[in-house]
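Here the structure is laid out as structure tokens; the discussion comes afterwards.
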Ligand code: FAD
């Protein structure tokens, strides 16, 4: 018998409670442990493009190659079945006579279906919570009763003094691999091919080069570097910046691939405040991480409803019981940065060229697609999924629904005036010039 540890989104060895649990089980049962990751299935969205774009593929490959290297340094390895998706995992589980698959739990519809596919195939699966900042048992309410308004959620967790868990250390050893699984990590051409697209020198997240590459070692180094600098104290003032690497933390790609955990960020933030003192800048990093948790809890609570055109809206909201409104030509112009609005087009060009976009520009381009071009917000969310190296289903779907006015925003949607936004955040047009078509 063998225990399979399935690396889903969290590509790290440190602070990985699910991996720690799998190791303990393997030791107690004297069973080998086989770490495994899955090739993604090629999926095309309803809007005619793939879910996984070139930047995401490249970033994911960096992250997995780093993970395989870390596992090898502890005498283990990372296996990747040639058959993509859960089918590959089912075949492998049968091949190695798996007693159990252990993995992190992910409360999003597609990921819930994956677990069901495995259990329907008769495989025992153990899932463990680990990706949120605040563990469920630290919350002052049932997850099914999470306040839908962010400010209520934040006030309640702050009042209850809910705290993240203490991060776990990196394991010093790992259980042995099963016999007969030679040549593990049959890295397919898909994963091992050279990293493309090439670096755009204007990138605010130049992940193609050190020190911005994906993987646990780079992510932990970035965390240490960021909190050893003066940037955290300036975060609240700088976070609406548009150009360069320093205006925001840039934790998101490492968080999305689980190279760094939210609990590790919190601990580094605590240490920074103990050394340098806290201020509104350092508080705001916690505040933003709470947004991340809130979107996770909203998806856990409302599930597939967040993927409907009407989202969480109820009658008499205009989007309930009306067919989805969409402007395909407008959408195509938007995603190619050809709307004719220089500020919006700059954002869409940056996104396509680099796989990253500041929060300010994400809000602007999303609002423009929905409220100015009259497109289905889910098409925009799908395009972000295709492009973003930090794609996270909870934060992406939640933010898009919020701006469309069908999420949890009590103000019923956010329209950003792009002219005013360009004036406020790009007064000298340096951002528009940087990403102009010429
Ligand atoms: P910072 O400003 O440094 O924030 C620190 C961390 O706080 C981030 O890494 C992130 O984990 C969290 N955070 C900050 N803002 C938000 C927010 N609005 N919602 C949730 N968490 C937040 N973030 C993703 O990680 N993945 C996505 O797919 C994603 N899609 C988005 C789509 C839209 C339409 C919008 C408006 C926002 C989206 N965000 C998403 C949230 C936010 O834009 C990014 O987290 C942020 O820009 C990442 O850069 P950073 O790490 O430097 O952020």
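Values in this text are rule-based calculations from the coordinates and carry no lab data. These numbers were taken from a predicted model, which means no experiment stands behind them. Glycine also receives a Cβ, built like all others from the backbone with ideal geometry; neighbour counts cover every protein chain displayed.
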Would you mind estimating how fast the chain diffuses translationally, via Stokes-Einstein at 4 °C and 1.567 mPa s with the Kirkwood radius over Cα pairs, in µm²/s? 57 µm²/s
Would you mind computing the Rg to Rh ratio of the range 112-159 from its alpha-carbon coordinates, Kirkwood style for Rh? 1.16
How big, on average over all directions, is the shadow cast by the Cα convex hull of the range 1-153, in nm²? 11.4 nm²
Pair residue 173, residue 428: separation of 7 Å Cα→Cβ label points (nm): 6.0 nm
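Multiplying the sequence separation of residue 336 and residue 209 by 0.36 nm and subtracting their Cα-Cα distance, what value in nm do you get? Present the calculation step by step, with values, prior to reporting the outcome.
Values: separation 127, 0.36 × 127 = 45.72 nm, distance 2.55 nm.
That pair, residue 336 and residue 209, stretches by 43.2 nm at full extension.
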Assuming a viscosity of 1.567 mPa s and a temperature of 4 °C, what translational diffusion coefficient in µm² per second does Stokes-Einstein assign to the range 236-315, Rh being the Kirkwood radius over Cα pairs? 87 µm²/s
Extension gain residue 308-residue 99, at 0.36 nm per residue separation less the Cα-Cα distance, in nm? 71.5 nm
For the range 386-438, rounded, prolate or oblate, judged on the Cα gyration tensor with a ≥ b ≥ c (square roots of eigenvalues), a/c < 1.5 rounded, else prolate if a/b > b/c? oblate
Residue 420-residue 28 pseudo-label distance in nm [points 7 Å out on the Cα-to-Cβ vector]: 5.9 nm
Space enclosed by the convex hull of the alpha-carbon atoms of the range 1-51, per residue, Å³: 97 Å³
The percentage of Cα-Cα pairs in the range 188-296 separated by more than 17 Å is 57 percent
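Could you order peptides 34-45, 200-211 by the average number of other Cβ atoms within 10 Å of their residues, highest first?
On the way: 34-45: 17.8, 200-211: 15.8.
The most tightly packed comes first, giving 34-45, 200-211.
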Over the range 325-378, one equal point on each Cα, no solvent: what is log10 I(q)/I(0) by the Debye formula at q = 0.15, 0.29, 0.30 Å⁻¹? -0.34, -1.21, -1.27
Given the DSSP H assignment, sum -39500 (n - 2.57) over each helix run of at least 4 residues in the chain and divide by its residue total; what's the result at 222 nm in deg cm²/dmol, nearest 500? -14000 deg cm²/dmol
So what is the relative contact order for the chain, in percent, with contacts set as C-alpha pairs under 8 Å and at least six apart? 19 percent
Compute the label zone of residue 322 within the range 389-425: residues whose backbone N is under 14 Å from the point 7 Å along Cα-to-Cβ. 405-406
Between residue 166 and residue 245, 0.36 nm times their residue separation minus their Cα-Cα distance comes to what? 25.6 nm
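How would you classify the range 241-382 from its alpha-carbon gyration tensor, with a ≥ b ≥ c the square roots of the eigenvalues: rounded for a/c under 1.5, else prolate if a/b is greater than b/c, otherwise oblate?
Oblate, since a/c reaches 1.5 and b/c is not below a/b.
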Under the rule a/c < 1.5 gives rounded, and otherwise a/b versus b/c splits prolate from oblate, where does the range 80-221 land using the Cα gyration tensor? oblate
For the residue pair residue 181 and residue 137, what label-to-label distance in nm results when each label sits 7 Å from Cα along the Cα-to-beta-carbon direction? 2.9 nm
Calculate the radius of gyration of the Cα atoms of the range 337-438 to one decimal place, then report Dmax, the largest Cα-Cα distance, as a whole number, both in Å. 13.0, 41
One finds the C-alpha centres of the range 292-309 and the range 110-181 to be spaced, in Å, by 15 Å
Report the calculated FRET efficiency for residue 275 and residue 200 (r = Cβ-Cβ distance, R0 = 60 Å), to the nearest 0.05. 0.95
Quickly rank 326-334, 416-424 as a protection proxy: mean count of other C-beta atoms within 10 Å, highest first. 326-334, 416-424
